[in-house]
8 protein chains.
Amino acid sequence: MSESTVAIVMGSDSDWPIMEEAANVLDGFGISYSVQVISAHRMPLETIDFAQNAHTDGVRVIIAGAGGAAALPGVIAALTPLPVIGVPIALKVLDGMDSLLSIVQMPSGIPVATVGVGAAKNAGLLAARMLGISSPEISAKIIANMAQIHDEAKAKGENLKARRRQKTGF
Amino acid sequence: MSESTVAIVMGSDSDWPIMEEAANVLDGFGISYSVQVISAHRMPLETIDFAQNAHTDGVRVIIAGAGGAAALPGVIAALTPLPVIGVPIALKVLDGMDSLLSIVQMPSGIPVATVGVGAAKNAGLLAARMLGISSPEISAKIIANMAQIHDEAKAKGENLKARRRQKTGF
Amino acid sequence: MSESTVAIVMGSDSDWPIMEEAANVLDGFGISYSVQVISAHRMPLETIDFAQNAHTDGVRVIIAGAGGAAALPGVIAALTPLPVIGVPIALKVLDGMDSLLSIVQMPSGIPVATVGVGAAKNAGLLAARMLGISSPEISAKIIANMAQIHDEAKAKGENLKARRRQKTGF
Amino acid sequence: MSESTVAIVMGSDSDWPIMEEAANVLDGFGISYSVQVISAHRMPLETIDFAQNAHTDGVRVIIAGAGGAAALPGVIAALTPLPVIGVPIALKVLDGMDSLLSIVQMPSGIPVATVGVGAAKNAGLLAARMLGISSPEISAKIIANMAQIHDEAKAKGENLKARRRQKTGF
Amino acid sequence: MSESTVAIVMGSDSDWPIMEEAANVLDGFGISYSVQVISAHRMPLETIDFAQNAHTDGVRVIIAGAGGAAALPGVIAALTPLPVIGVPIALKVLDGMDSLLSIVQMPSGIPVATVGVGAAKNAGLLAARMLGISSPEISAKIIANMAQIHDEAKAKGENLKARRRQKTGF
Amino acid sequence: MSESTVAIVMGSDSDWPIMEEAANVLDGFGISYSVQVISAHRMPLETIDFAQNAHTDGVRVIIAGAGGAAALPGVIAALTPLPVIGVPIALKVLDGMDSLLSIVQMPSGIPVATVGVGAAKNAGLLAARMLGISSPEISAKIIANMAQIHDEAKAKGENLKARRRQKTGF
Amino acid sequence: MSESTVAIVMGSDSDWPIMEEAANVLDGFGISYSVQVISAHRMPLETIDFAQNAHTDGVRVIIAGAGGAAALPGVIAALTPLPVIGVPIALKVLDGMDSLLSIVQMPSGIPVATVGVGAAKNAGLLAARMLGISSPEISAKIIANMAQIHDEAKAKGENLKARRRQKTGF
Amino acid sequence: MSESTVAIVMGSDSDWPIMEEAANVLDGFGISYSVQVISAHRMPLETIDFAQNAHTDGVRVIIAGAGGAAALPGVIAALTPLPVIGVPIALKVLDGMDSLLSIVQMPSGIPVATVGVGAAKNAGLLAARMLGISSPEISAKIIANMAQIHDEAKAKGENLKARRRQKTGF
């Protein structure tokens, strides 16, 4: 894992379809990352081991996804000086409200950078922004990415207008 | 700690005025206990150390109080085979809903016995019930305590009736 | 029912597909149990009869599942000195929030050990932990079960890594 | 209690300051009532006894106030053919949402007529409306009471206008 | 409508599949009823007309179902001395929480007897209980219905036991 | 009332301290208004009368404040072609969530322009914006008011900076 | 865009199926409108540009739909003196509660006229009511539309009655 | 502002008592920062100006606090490639739930690193962690700070133990 700038961890392999979006973002930015299933509840010692060593293993940002009583991001944040991004993942009930509150309402002293429910893509982008603080190259890519997001949204809007024009004549 | 049957732990010393009610209950039942501040976020290694050793140190039940992103009960439950009772403690906002969901919505495999928001007294009583499974003496005390709760409630009710009678003549 | 260490009760036979997971856990631990449909609202007298006699019938832990205005676990807890585990079952609306609050927010004096919404498997595991207090055999099985949960989670994680390696070459 | 048309019951004597408003309404309507503290959790057998006998004791409507995991109205409704009015009483946290859901979300077959959080006055009025079904006298009093509520609200409105006119000259 | 003891009204014809359950209950009790679509928002004058005249038209209880900003039960209650039962109907979003609060949180003076989200069957049963206050015949039917509910629940429970016995040999 | 451009109505005179802010805004804009207590539940016929006649009485916008099961704005909207602005007023419990949902979740066909909980000032400003559609004078005042809001916020910010500079030397 | 009386804007083209209902309403009223995708987050400068110029471009009312952290309506309202109608659009989770609160809870000084979750049709009708303030023609159409809504609801009610009569003979 | 590594902005000067905690943290870490009141709703153009230029002005991390319909963090994030930390500030009602959802539920593409309700101290610490990615000095201070947090929590725990020992003799 020593070559990974970002570590993507999640409480269960079933979280991967959501967390994969963070990986895709990092791929797009050319940022190296590792992917790992660790769980504060099912694999507590691996979690501690990971959290204690990530910093010296070369990791710079940690993205942690978890659902329900989602302790993973907070427990990792308690054992690393690195910024930890928490991704609340919705269970079958409660729409992720439990996951969100379990991640965001951290006690004073140990912050977790929380993104929206299921927002793994934004977690990847947030990691890039953090890395962009000291990397003009990544920062430039963020600016480019924002332009692309802008252009795609605009194009979709134009497309909607065009379709309506075709239909209504205006 | 080896002489304590129950371990009462909490995320912050400011939780003590609430958690003390659990201690009072155990005092009433003559059940030995220890009191300790450990925090999954501020003292993670002590938490792990505590959780891993409680079982062999003679502890039989753990009561853990925590607020907000309340990871403590769950993280302990992940490292001990003992039953863990979680007490959600309300922060200044959200009325303990964050604490409750963070404690009760545990992943499959790692249970936490959750009581109501701020219900440390019930946590003490639940610990007694668990210990009563194998202790006829404690079981008898629970039955006596339930009778006492019943009698006190009844007496208060009678008292209310008496006050009303005095006031209304009926 | 006298030979059952755990009594699994539920408000409706439609709860069985969820509550069955508690039974499966107990089967795995070799803990005897009974299964019964009783309802605080539709079968109140049977509920009272059950709750009053469980203790002397040899039951050691009660698991009670209910949904909506879920009075069953609390009413049973009011009539037995045994520990009662409440399983909130979600109705079609409100995602089990009504069931959770109806079970967990017990008045001072009568505790219910509440698990997550639909978390019958955890209820079974919690019962085992309670019984493990006085049974080294069960306690050992819990430790083994936790190891198994750990290993399965780890294996799934490794498997995810392997699939990704196959796909990405890393 | 045999002379009481309405039975006002509550889970704790501390509920009285709220529940008293129901009594005041009934006083105003000249409807006889009894007041009793019974608790589904602290006094379950008295609750059952009360619920089973209210009907034959001459009670016609039951008003039950309770807070938190508020099982009282529902458990009574399960044992009486009488209409039961539930008054959700707010605890220190959660603003009565737990009490409301515990009372209103009854299973199919056993209804509780739920009023707003802390709305004991409306519970008294609802009892009067139920009794008014077969009592032209009470029905006439309800109509008069509605007129009075109307007039008071109107007078307060006029008063507000007057105060503003004095202040603004319009 | 003069021959109807109960008036079932609803805000939209799309509420009928839910509200029909109230009608079915009344059919079972042999209680006459009318069915009407009136809306506080789309048919306000008909609503007022209905509410003002129901009492003298022979109606004894009103059941009103509505969803979202569900003003119907409250507006009717404001114009009739009869007891009004409100049935909160869930919209596509918010699980009926908006409907429930719009119906149950009535101002002091004007009560609505609220049942659970979508609980039209319980609304029918509550109407029967109200009518049973002055009708021994209906009261007897309620008792019989409660016995039937009890027996069906018990039978389903026995059936579940039988199926399990067949499968497990116990 | 015929000279009033805006009608400010509220369910209770106790709402006035909040609703007064709407009046103050209109005073500032030189927009005439009337103030009236009417209640969908306590004064239904006055409400209907008001709603049906406001349009022809010269009213152009209606501001309606109400709390709890807040039917007033919606019922008025059902009887007038005028735009109705709803102000949810918080009761002692539930923080205005009941009031908000009761006002905003209107059925299709009858809109209410809802502002934030207790946001009577914004209701006044919204009324001004609506009237500004056809009044260049009011529109100019809105622009001026927005500039003033901007300047005040900026000044407060500068003031904060100044206080900090004094304290820290920077 | 200068010929459009109403501007319908939305945060994403995927909001169109919902927002289209506002357009349909305006078509029905013969009110001209433009449709545009702009996003406070993905197209902030276009949003500002739009908001600053709408007023002088002849727009009279703005309808803005957005979901999640729905900043669009508020940001536009901050830059225009025109009335802005906000339509909260539900994301996959949280049922639009996030969207609703993000739109309705505006700070003092900048109002947004919020309609229900997904209630684009009501947004269109609210725009018409606002325009009707100064247009007797539109006002007349609103009255006609309300009559039509009334008649359709009534007809559906009659139809329900007829279907039931056919089935039951009453 | 060019010498500030972190920019602390907030929607209102009344947010300062909360946001000051972020400043205190940065003081403790020796990280330079600016403090500014800007509001997406009351000072939109300054907000845009700030957001567009922060990056080139030398700012590396932005901390933005806002309450209610809290658009500020998101709007800034839309115009800067820098990481933006959002601090939800509770209004008088709703306990900050509106603020939290308005900040955390950002659309895909534009992330905001959200901390708990009122958790400005954690926002400061999160900023430090982000800056620590490329600053071994700051990183070392974070580690030291975590040790200090740990030691203080531990000391408070020891102190609690000592006080109890004094009182109970154990």
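The values are calculated or read from the model by the stated rules, or taken from the named source; none is laboratory data. None of these values were measured; they are calculated from a predicted model. Note that each Cβ is placed from the backbone with ideal geometry, even for glycine, and that neighbours are counted across all protein chains shown. When the accessible area is computed, the model is the full protein with side chains, heavy atoms only, and any ligands, DNA or RNA have been set aside. Shrake-Rupley method; radii C 1.70, N 1.55, O 1.52, S 1.80 Å.
Quick look at the numbers
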read-out: Test item: D:157-164 mean partner chain Cβ contacts at 10 Å; value: 5
read-out: Spatially proximal lysines relative to H:Lys167 (Cα-Cα < 24 Å; intrachain offsets below 8 disregarded); value: B:Lys121, H:Lys154, H:Lys156
read-out: Dimensionless Rg/Rh of chain C - Kirkwood Rh, Rg from C-alpha atoms; value: 1.07
read-out: Residue (of A:Ala23, A:Ala155, A:His41) at the positive-pole extreme of chain A, dipole from beta-carbon charges; value: A:Ala155
read-out: Test item: A:58-70 mean partner chain Cβ contacts at 10 Å; value: 4
read-out: Whole-angstrom gap from segment C:50-112 to segment F:110-132, using each part's C-alpha centre; value: 47
read-out: Surface per residue (accessible, 1.4 Å probe) for segment D:23-170, Å²; value: 32
read-out: Segment C:52-170, relative contact order [Cα under 8 Å, separation at least 6], %; value: 20
read-out: For segment B:54-120, the spread of Cα positions along each principal axis, largest first, Å; value: 38, 24, 14
read-out: Dipole moment magnitude, nearest 20 debye, chain B about Cα centre, only Lys, Arg, Asp, Glu C-beta charged; value: 1040
read-out: Total accessible surface hidden between D and E, rounded to 100 Å², 1.4 Å probe; value: 3300
read-out: Neighbour net charge for C:Leu125 - beta-carbon separation under 13 angstrom, K R +1, D E -1; value: +2
read-out: Carbon/sulfur fraction of accessible area - segment C:1-89, other protein chains in place, 1.4 Å, %; value: 44
read-out: Gyration tensor over alpha-carbon atoms, segment E:1-44, equivalent ellipsoid semi-axes in Å; value: 20, 13, 5
read-out: Segment F:75-167: mean projected area of Cα convex hull, nm²; value: 9.0
read-out: Antiparallel bridges, percent of DSSP beta bridges restricted to the protein assembly as shown (to nearest 5); value: 5
read-out: Dipole of chain A, positive end: most advanced residue of A:Ala120, A:Asn145, A:Val59 [Cβ charges, Cα centre]; value: A:Asn145
read-out: FRET efficiency, 1/(1 + (r/R0)^6) with R0 22 Å, evaluated for G:Asp49 and F:Ala144 via beta carbons; value: 0.50
read-out: Cα coordinate range in segment A:1-78, projected on the principal axes (Å, largest first); value: 32, 28, 15
read-out: Debye, to nearest 20: dipole size of segment E:8-96, +1 on Lys, Arg Cβ, -1 on Asp, Glu Cβ; value: 200
read-out: Cα shape, the protein assembly as shown, gyration tensor, a/c 1.5 rule; value: oblate
read-out: Peptide C:44-53, shielding by other chains (average Cβ, 10 Å cutoff); value: 4
read-out: Net charge contributed by nearby residues that have their C-beta within less than 14 Å of H:Val84 (K/R +1, D/E -1); value: +2
read-out: Within chain C, helix-based [θ] at 222 nm, where runs of 4 or more DSSP H residues each add -39,500 (n - 2.57), nearest 500; value: -16000 deg cm²/dmol
read-out: The protein assembly as shown, dipole about Cα centre (Lys/Arg Cβ +1, Asp/Glu Cβ -1), debye to the nearest 20; value: 0
